[in-house]
Structures are given as structure tokens and as C-alpha cells.
1. Taking into account only those residues within the range 156-170 that are open to solvent by less than 10 Å² (accessible area, probe 1.4 Å) and part of a helix (DSSP H, G or I), which is nearest to N436 (Cα to Cα)?
2. Give me the helices (runs of 4 or more DSSP H) completely within the range 1-99, filtered to those with at least 2 residues that are open to solvent by less than 30 Å² (accessible area, probe 1.4 Å), within 29 Å of L417 (Cβ to Cβ) and in contact (Cβ under 8 Å) with a residue 12 or more places away in the chain, ordered by residue number.
3. Read through the list (1) more than 22 Å from the chain's Cα centre (by Cα); (2) surrounded by fewer than 23 Cβ atoms within 10 Å (Cβ to Cβ), then give the number of the only condition that I222 fails.
4. Looking at the range 177-187, is at least one residue assigned to a strand (DSSP E or B), open to solvent by 10 Å² or more (accessible area, probe 1.4 Å), modelled with pLDDT of 95 or more and closer than 19 Å to A442 by Cα?
5. Any residue in the range 344-356 that's among the β-branched types (V, I, T): show its pairings with residues that are assigned to a loop (DSSP other than H, G, I, E, B) and modelled with pLDDT of 95 or more at Cβ separation under 9 Å, as long as the two are six or more apart or on different chains.
6. Taking I397 as the residue in question, decide whether it is touching a residue at least 12 places away in the same chain (Cβ under 8 Å), assigned to a strand (DSSP E or B) and of a type outside the set (D, E, K, R).
7. Out of A337, A390, A404, report the one residue that is touching a residue at least 24 places away in the same chain (Cβ under 8 Å), at negative phi and touching a Lys or Arg at 6+ places or on another chain (Cβ under 6 Å).
8. Pick out the one residue from S363, S405 that is at pLDDT below 95 and assigned to a helix (DSSP H, G or I).
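The values are calculated or read from the model by the stated rules, or taken from the named source; none is laboratory data. Since the model is a prediction, treat every value here as computed from it, not as a measurement. Every residue, glycine among them, receives a Cβ derived from its backbone with ideal geometry; neighbour counts consider all protein chains shown. What goes into the accessible areas is simple: the full protein's heavy atoms, side chains included, and nothing from ligands, DNA or RNA. Shrake-Rupley method; radii C 1.70, N 1.55, O 1.52, S 1.80 Å.
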Amino acid sequence: MSSSDLVSTRGAAIAADRIEAFQAAFGGEAIRPADASYGAARRIWNASIDKHPGLIARCSGVADVIAAVNFARENKILVAIRGGGHNVGGRALCDGGLVIDCSRMKGIHVDARKKRARVQAGATLGDVDRETHAFGLAVPTGVISKTGIAGLTLGGGVGWLVRKHGLTCDNVLSFDLVRANGKPIVASATRNKDLFWALRGGGGNFGVVTSFEFQLHPVSTILGGMVVHPRDKAAEVLRFYRAFVESAPEELTAYAVLMTTPDGVPAIAMAACYCGDLAEGERVLQPLKSFGAPLMDALQPMPFPQMQRLLDDAFPSGNHNYWKSAFLSKLTDEAIAAIVEHANRAPSPLTGIAVEYYGGAASRVGNADTAFAHRAAEYDIGVLTQWTDAAQSEQNIAWTRSLASALEPFASGAVLLNFLGEDADRKDIKAAFGANYERLQAVKKKYDPKNFFRVNQNIEPAG
């Protein structure tokens, strides 16, 4: 038996005739290890993830998802779910199991009159932006256009519109989902309300979400871009950034990122997106433009999808990635000193440290109103470690963990679900769900009592 055979959770190989019968009835593409397309199909964005599924079921629609779930359940096969984009923790794959791959399910329908969009689970943020922007509308999503809409939404979803329009999960009106029993159901404010609550921040624990219905907002041309300063001014820039964002209107979302420029210069950038009146935006952003002596000022009016692509080149496919996050209630001078000190000795020039200020619309939702439990945290520190050579993995991972440890005295103990790596343990997962964990366990017990969906940031069923 090879490491890539399709096996049951007890380790027994699944008979070839059963696999062939599934393939014959499957409407999408069922990819096995011997197929020429297998090598590309099993790769994801993060090169640190190297797993060998026994079968990849690339679904064409909901019927294929149902068929794949039923086949896996009947044969006691471990299941992973793949959406449309980034997956730093590698949970889109599993060794020896079945991958339900929704990446080809990219249908998007915009109802401009109702300001709503129905989006299938394989779409990326760029796919969504392309369709909604045609109507002068947008979904509040993330900051990288190649990110998959499904994983981002189920984990909360923080991006350029968060302070004005809330988290991505706050803007979901309904979910279409296939349960572990193979039954399709809808979760909304009026149907399966407990599941609707859990899906807004509870991750991929409750089934295969096949589509999302989103509330859209009038966002078309924004004032955005970045201002870049030399790294030796990082502490000064972060102190300015703190004062600037904490007094800014909610139309402005701005992040500070300690990074290295494409030509190898250590720097700190303040990236901003103002989604209100452009003339007012010029006034609001003037302090950011006039502060210090920047290396570059690239703030300008642009279509919102261009803002969403601003950082894409900094996160290419095929690099090794290991991320950490920490929520802070305050960005103290001591926390700033720890961030800058670690940034200045990062092993890889591809690594970035993002300081993200939230507040605004997302913070006005109660911690218990959705599964996303960390509404009061003002700042998230994202440690986005990247490198190209696998031989440098140990060094980069150790540096990331060192920075996470250095931030602990200033942190709330909470972490961002979508930043959890493959090595996240139960303590990390409980920290991501906070006070909502036990309620999520009860929902898990109701909708997935046998923990069929467990290749995720797993919530164990109650009891």
C-alpha cells in the first residue's frame, strides 16, 4: 500500500471497483494518484504543505459534492474540503483521504436591485470583485485577490472595508451547505438559525458550504495605496499610525506592514483604503501623506478591485509559509518595540508583519452574535513568514514562534482563526473561538455528531 492509496480511517485500502463506480457516476473530475493531473491537483498555495490524497473529487456542482460526501461516509474515508484559494494551514488536503475540491465552482450572480450576490464556494475575492464592481458594488472581503471566498468567510473575514461595512461573515445573508449525511440545507436568519450563527466565524466544521448569499455595498472608486518609509523609522511610524487610525473615520481602513521592498530595502508601509467621498478622503489622508519623509507616496484614486490586488505580488504561490497572529487591545510602545526588534532580524526578506487596526462596524456586533468572538480587540498583529528554500524552514518557524512569544505579554490570548497553522493544537483552536467554543460544540453535535468534517480548525462535538 503506497502513501497515496485511498484508505479508510482504519487504514484499509478502498477496493478499486468502489472507486471506479464512484468515478463513473461523478459529474466532475475524479483524480487519482496515477493520473497525469494529480501532481498539480494536490498542490496548494503554501509549499510547506506536502500531502498525498487518495482521491481528489473536483466538483462541478452541488450534486457532485453530495456524491463525494456520501461516498466518503459510506466507506469511512477521511475528508478534506478545498475552496478557491489560500490555505496556510494545509487543511484543504489530507493524506490517503478524499479531497472535496470546489475550486471549479465559481458561479456568481449579482442582483444589483437588491444589492445581493450569490457566490459559489470556489470563487476567489478577485472573481467576486470582477462581477460586483460592474454594478458599482462590493462585498467586504480580505486584502489579497487570490484568497478563496469560502475559507475567508467561514473564519470571519477581515479586509479593506471592515471598519465601514464589517467582517465578511457579517455580510452573509444565507449559506447553502451539504451535511455529513449528504443532505443539502440552507442556513439563514430564519432557517436553521443556530447553524447560521455558527457558520459566521466557526470555520469548516459543519459541512461543505457550496454557496453564499452576500449583502453588497456601494463601493466603486476608492482612495487607496500605500506610503512607504525606511525601516529605521519603524517605531516612529507605528506611533504615528496608532494616533492616526484611532481617530480616523470608519470609511478608512489602514494597516502598517513591516516588510522589505522588491529591491531589497527594509521598510515599513502604511497601506490605506478610504471608501467614502474622495474629496473628504483627500482631507482625511493628508496627515498620512505629510508625515515624515517617505520613500514613496502611492496614494491615489483607484477602482476597488485594484486595491484588492495591491498586495498580491507579495504572496505568490509556491513559497513556504508559516503564520501567527495575536489580538491586542492596545498597541503600546512596548509592543511596538518588540515588533520592530523582531522585524529587524527576520531570517527572510519575504516576511511581513502586519499591524491591523479594526474598530468601527465590526466592533459594534456583539461577541455572542456570531461565532466570531473577538469583536473588542482593536489590533491584530499578523506575522506572515515566507521563504523559498525548504532547508530554511526550521529557522523561519523558530523566528515566528519567538515573535509570537514576545507579543504574549501584550496580547488578549485570542488569535485569528484563518492564521492558524498546521501545528495548531486544541488550546490554539479554543483561543480562536473564545467564549463561543462551547456553544459551537453544541451546534457541531447537532449537525455533525460523528465529527465527519474534522480536517479543519476542529471543534469537537459536545459530550
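1. C169
2. In the range 1-99, the matching helices (runs of 4 or more DSSP H) lie at 62-74.
3. (2)
4. yes
5. That search, which allows pairs on different chains as well, returns I353/A346; V355/L331.
6. Judged against the criteria, I397 is not a match.
7. Step by step, each of A337, A390, A404 is checked, and only A404 is touching a residue at least 24 places away in the same chain (Cβ under 8 Å), at negative phi and touching a Lys or Arg at 6+ places or on another chain (Cβ under 6 Å).
8. S363
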